[in-house]
Amino acid sequence: MSGDTSVESPWKYRGLVILAALLWSLSGLFVKSPLLRDIPLEARGPMLACYRALAAGIVLFPFVKRSAIRWRPGLIPLVLSFSVMNILFVTSMTLTSAAAAIFLECTATAWVALLSWLILRERLQRSMLLPLIGALAGITWIVAAEQVPGQVLGNLIALGSGLTYAALLVLLRLLKDENSTWLTALNHLAAGLLLLPWVITFDVALSTAQWTLIVLLGVIQMGLPYVLFAYSVKHISATEAVLISLMEPLLNPLWVWLFWSEAIDRSIVIGGSLILGGLLARVLLESRKRAALAVPD
């Protein structure tokens, strides 16, 4: 009697989403590495944001079908939002802790609800109140507790990356009929090309080892996980995908602490817990609601 693979199959795709989340969580490990920290601070954020996006875009474009490539006016604000988000996130990580940078970017989910209400005129769902409250409480805790001037600026820039990420998500919804691989590849490649004229003005010569690490940052931390996630998310529920993806903000500061001994301040742990707790509560409530609706009377 042949074995039943119906139970094993979902775990294959869950495993690939876990791998994608693990790879996404490596951004802090790369950016905070001693080799890349040798790049002058004023040039580090723009250079890393530019070259990692170019590397990721080059990796992703072979997966784009020619028939999927088409022009839409909405691509302009989409590319600009992604480009700003990209440089803000990387720059914030060079100025503040990896934990603060990733947790503050995670507030994007809460801002999406507000932007969808303002721009798309969508009704604000009750289930979004917990992420909104958690985001506001977490932001207040992290920003108010920070005393180092440079890190305060980094926290504010990280918050800006969360806002621009939210704008990106809303614009992606407006372009939901477009091919997701095409949009992602375009965003990465355009983000790198937009920064390139500025980046080449820096009088900074990268070593072979630094170039290698930056290319790996783009390919392994940005390009490859997207391919894995896009392939797997079609075979598991959205709730599972979101829950697994929450590994990224949890693991990101952990890698930096383990490898580079960057301390995680207690205020960041508390603030991050409030932000992620709100997101987790919303996902679980939505899951229970869908399960209840699926039960026949």
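Highest mean first, what order results for 135-141, 34-40, 263-269 on Cβ atoms within 10 Å? Don't jump to the answer; show the numbers that get you there.
Values: 135-141: 19.9, 34-40: 13.6, 263-269: 15.7.
Those peptides, ordered most packed to least, come out 135-141, 263-269, 34-40.
Between SER261 and LEU19, what length comes free when the chain is fully extended (0.36 nm per residue of separation minus the Cα-Cα distance, one decimal in nm)? All intermediate terms of the calculation are to be shown ahead of the outcome.
Details: separation 242, 0.36 × 242 = 87.12 nm, distance 2.38 nm.
Using 0.36 nm per residue and subtracting the Cα-Cα distance, I get 84.7 nm.
So what is the relative contact order of the chain, in percent, for Cα pairs below 8 Å that sit 6 or more residues apart?
On the way: 411 pairs, mean separation 121.5, N = 297.
Dividing the mean separation by the residue count of the chain yields 41 percent.
Hey, what D do you get for the range 68-220 in µm²/s if you plug the Kirkwood alpha-carbon radius into Stokes-Einstein at 37 °C and 0.692 mPa s? Kindly include the intermediate steps, with their values, before the conclusion.
Numbers: Rh = 17.1 Å.
Value of D from the Cα-based Kirkwood radius: 192 µm²/s.
At 222 nm, what helix-only mean residue ellipticity would the chain give, in deg cm²/dmol to the nearest 500, using -39500 (n - 2.57) for each DSSP H run of four or more?
Working: 15 runs with 219 residues, N = 297.
It comes out at -24000 deg cm²/dmol, rounded to the nearest 500.
Report the label-to-label distance for LYS12 and TRP71 in nanometres (one decimal), using points 7 Å from each Cα along the Cα→Cβ vector.
4.2
Subtracting the Cα-Cα distance from 0.36 nm times the residue separation, let me have the gained length for ARG121 to ARG37 in nm, one decimal.
Numbers: separation 84, 0.36 × 84 = 30.24 nm, distance 4.38 nm.
The ARG121-ARG37 span can extend by a further 25.9 nm.
Could you work out how far the C-alpha centroid of the range 33-64 sits from that of the range 192-242, in angstrom?
First find each Cα centre; the distance between them is then 7 Å.
Which FRET efficiency value, to the nearest 0.05, do you get for LEU175 and TRP211 by plugging their Cβ-Cβ distance into 1/(1 + (r/R0)^6) with R0 = 35 Å?
Values: r = 33 Å, r/R0 = 0.95.
Approximately 0.55, to the nearest 0.05.
What residue among PHE259, PHE89, PHE61 has the largest mean-square fluctuation in a Gaussian network model of the chain, using Cα springs under 10 Å?
PHE259
Over all directions, the average projected area of the alpha-carbon convex hull for the range 17-102 comes to how many nm²?
Details: hull surface 28.4 nm².
Taking the Cα atoms of the range 17-102, their convex hull projects to 7.1 nm² on average.
What would the Debye formula give as log10 I(q)/I(0) at q = 0.11, 0.12 Å⁻¹ for the alpha-carbon point model of the range 158-244, no solvent?
So the normalised log intensities work out to -0.45, -0.53.
Mind telling me which of ILE102, ILE76, ILE87 comes out most flexible in a GNM of the chain, alpha-carbon contacts under 10 Å?
Looking only at ILE102, ILE76, ILE87, the biggest GNM fluctuation is shown by ILE76.
Quick note: the coordinates plus some simple rules give every number you see, no bench work behind them. Quick caveat, the model's predicted, so the values are computed rather than measured. Note that we place each Cβ from the backbone using ideal geometry, even for glycine, and neighbour counts take in every protein chain shown.
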